[in-house]
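Written below as structure tokens is the structure these notes are about.
The values are calculated or read from the model by the stated rules, or taken from the named source; none is laboratory data. Note that the structure is predicted; figures quoted are calculated from it, not measured. Counting neighbours? That spans all protein chains shown, and the Cβs are built from the backbone with ideal geometry, glycine included. Remember, those area values only see protein heavy atoms, side chains included, never the ligands or the DNA or RNA. Shrake-Rupley method; radii C 1.70, N 1.55, O 1.52, S 1.80 Å.
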Amino acid sequence: MRAPQAPRERDARRQGHTDGVPMPRAMGSAAHAAAAVPEPPQAGAAAAKAVDDRQPSDAHLRPLLDTLPILASCHRPDGSTAFCNQCWHDFTGLSPEEAHGWGWHVIMHPADVGRVTGTWRIGLAAGEPGEVEGRLRRVDGAYRWVLFRAEPWRDALGHVVTWYGTETDIDDLKQAEERLRHDAQELRRIIDAIPQTILVLGPDGRHLSANQAMLAYPGLTLDEVMAADFRPWGYQSDDGERRHDDRQEALARGTPFANEQRARRHDGQYRWLLNQYNPLQDAQGRLLRWYATGTDIDERKQAEERMRHENLAWREDIARASMCEESVGSSAARRRVLAHVAKVAGTDATVLIVGETGTGKELMARAMQQRSTRATRACIRVNCAAIPSALLASELCGHEKGAFTGALPRRLGRFEAAHGGTIFLDEIGDLPAETQMALLRVRQEREFERLGSNQPLAVDVRVLAATNRDLPAAVAAGTFRQDLFYRLHVFPIQLPALRERVDAIP
């Protein structure tokens with residue numbers, strides 16, 4: 001601890017003694033050199049003789065203590081201040097009389113007095129060196145952080161006869177540390193605000209840190225992510241081990257790499273992520289860190305899948321040799337149908353086209369699609385009578401891998417492929433009962449589930465249906481759901497048979 005120094009105006013005391021404490025001839029450290037040594041009571045007459053032996057060198061030692069660029073002090077065994085050097089007095093503005101004993105308390109920050117003096121008394125009781133940080137009021141009134149250090153000096157019997165203290169101004173260091181802490185907190189807030197998942201790995205792939213998005217995506221804690229057996233993503237495919245091994249090999253190469261794979265989100269849904277790994281190296285090229293980011297690309301992957309399905313559907317349409325771009329015939333009945341088509345085409349209303357085989361039901365559906373607000377999106381055609389009933393649900397809703405025997409790859413259904421566009425269900429009267437329920441859910445809830453999954457998927461499709469059957473009779477017979485019939489029968493269009501419009505025959 002720092003202690004008051006001798007008065008500058010009292011030259012005799014500065015040349016030899018301070019409150020009866022003789023100046024030491026030599027000190028083993030800067031801290032020792034910065035303080036006077038009080039005479040131990042055990043020394044007696046031998047101490048007086050020793051003082052006389054030291055007198056010639058004290059005159060040179062005191063100027064040295066006062067010119068040291070460090071706050072230094074000397075304290076009695078009970079901790080009270082016996083002496084402070086000139087640098088201490090210049091810093092604090094206290095006179096030797098004011099600093100004497102425990103007077104230095106007045107320049108301690110009120111919030112630090114109890115902690116600093118408590119630490120000081122513990123050190124006194126233990127007789128061991130110690131240090132503590134606290135704020136000290138400078139002569140200009142500003143409080144500065146200083147590091148207090150105290151070292152005991154013992155006699156031949158091991159008794160503490162004096163304490164030497166130094167006070168080092170560390171306020172600039174404390175401010176720099178505070179700025180670093182603030183900058184680190186601000187950087188952490190920025191990283192946590194990034195919507196991408198971020199994972200920091202060691203050179204061996206061990207997980208070191210993760211941002212909030214990384215923790216929220218799987219719904220785990222930081223400790224769980226930091227666990228040695230944690231894998232960044234829950235692999236859905238059977239080749240998960242191979243993917244993990246490929247990742248470890250890529251990490252061992254030390255060059256940037258990326259991969260795409262599905263990850264299980266906290267809600268149990270698997271979504272596609274683009275994972276990018278970038279290494280951090282030092283000036284010698286040694287690998288220090290890996291920074292891995294994950295970007296959700298599930299919507300892009302679904303759009304690509306829909307595009308593939310749309311292209312297949314369009315190629316099938318072209319391969320069917322075009323079904324005439326305009327309706328043939330100009331009979332009154334035909335004109336009424338076309339007027340109805342023009343009226344409903346621009347809406348999203350569900351349309352049920354009824355007519356005998358060969359009356360052009362698909363042609364009317366295509367005409368409505370081309371004139372609708374969804375004309376730029378896919379129009380997926382499904383012939384319900386041409387698909388085996390056992391496979392129809394999978395065809396419409398899709399399935400997960402392993403949902404049934406032979407379901408090797410995961411497949412999107414026709415509803416999912418038509419998302420944002422139109423689905424044309426031809427021969428709707430041939431739908432089996434279980435598939436009717438799935439279609440009803442799409443109409444009512446605008447969602448469905450793939451076979452083998454319990455995760456509902458939202459879908460936005462316009463439904464156009466066609467049949468050559470008598471659906472009211474099927475409803476009465478119990479082979480067609482009444483609620484589904486009313487959901488489809490929003491805007492019915494009855495196509496006249498060719499025999500009813502003989503003027504259309506060339």
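Number of residues in segment 266-313 that are surrounded by 12 or more Cβ atoms within 10 Å (Cβ to Cβ), among the small types (Gly, Ala, Ser) and farther than 19 Å from ILE194 by Cβ: the value is 2. The residue pairs whose first member lies in segment 126-139 and is more than 17 Å from ARG115 (Cα to Cα) and open to solvent by 40 Å² or more (accessible area, probe 1.4 Å), whose second member is small (Gly, Ala, Ser) and not in a strand (DSSP E or B), and whose beta carbons are closer than 7 Å, counting only pairs six or more residues apart or on different chains, are VAL139/GLY93.
For segment 66-100, a residue qualifies if it is over 56 Å from the mean Cα position of the chain (by Cα) and open to solvent by less than 20 Å² (accessible area, probe 1.4 Å), and the qualifying residues are ALA82, PHE83. In this structure, PHE415 qualifies as under 19 Å from LEU391 (Cα atoms), part of a helix (DSSP H, G or I), aromatic (Phe, Trp, Tyr) and modelled with pLDDT of 85 or more.
Listed here are the residues, each with its yes/no results for (1) modelled with pLDDT under 85; (2) under 22 Å from GLN269 (Cα atoms); (3) loosely packed, with under 15 Cβ neighbours inside 10 Å; (4) under 14 Å from the mean Cα position of the chain (by Cα).
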| residue | (1), (2), (3), (4) |
| --- | --- |
| VAL161 | no, no, no, no |
| ILE191 | no, no, no, yes |
| ILE194 | no, yes, yes, yes |
| MET214 | no, yes, no, yes |
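Counting only strands (runs of 3 or more DSSP E) that sit completely within segment 419-503, those holding 3 or more residues that are open to solvent by 10 Å² or more (accessible area, probe 1.4 Å) correspond to 491-494.
Within segment 232-282, count every residue that is touching a Lys or Arg at 6+ places or on another chain (Cβ under 9 Å), in a loop (DSSP other than H, G, I, E, B) and at pLDDT below 80. Residues meeting the conditions: 7.
Considering the conditions (1) in contact (Cβ under 8 Å) with a residue 40 or more places away in the chain; (2) within 40 Å of the chain's Cα centre (by Cα), THR467 is excluded by exactly one of them, (2).
Conditions tested, residue by residue: (1) within 40 Å of the chain's Cα centre (by Cα); (2) buried (at least 18 other Cβ atoms within 10 Å of the Cβ).
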| site | (1), (2) |
| --- | --- |
| MET364 | no, yes |
| VAL382 | no, yes |
| ALA386 | no, no |
| GLU416 | yes, yes |
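Reported count of residues in segment 289-326, each being modelled with pLDDT of 75 or more and part of a helix (DSSP H, G or I), is 14.
Cβ-Cβ distances below 6 Å connect the following pairs, each with a first residue in segment 341-362 that is part of a helix (DSSP H, G or I), a second residue that is open to solvent by 30 Å² or more (accessible area, probe 1.4 Å), and a separation of six or more residues or different chains: VAL344/PHE491; ALA345/ARG371.
Screening the candidates GLN284, GLN269, GLN248 for the property of being among the polar types (S, T, N, Q) and touching a Gly at 6+ places or on another chain (Cβ under 9 Å) yields one hit, GLN248. The single condition among (1) under 17 Å from ARG469 (Cα atoms); (2) outside any loop (DSSP other than H, G, I, E, B) that GLN369 does not meet is (1).
Looking across segment 163-189, just one residue is hydroxyl-bearing (Ser, Thr, Tyr) and either free of Cβ contacts under 8 Å to residues at least 12 places away in the same chain or open to solvent by 40 Å² or more (accessible area, probe 1.4 Å) (or both), and that is THR168. Taking the condition over 40 Å from the mean Cα position of the chain (by Cα), over 19 Å from GLN455 (Cα atoms), surrounded by fewer than 20 Cβ atoms within 10 Å (Cβ to Cβ) and of a type in the set (A, V, I, L, M), does ALA375 pass? Here the answer is yes, as ALA375 does meet what is asked.
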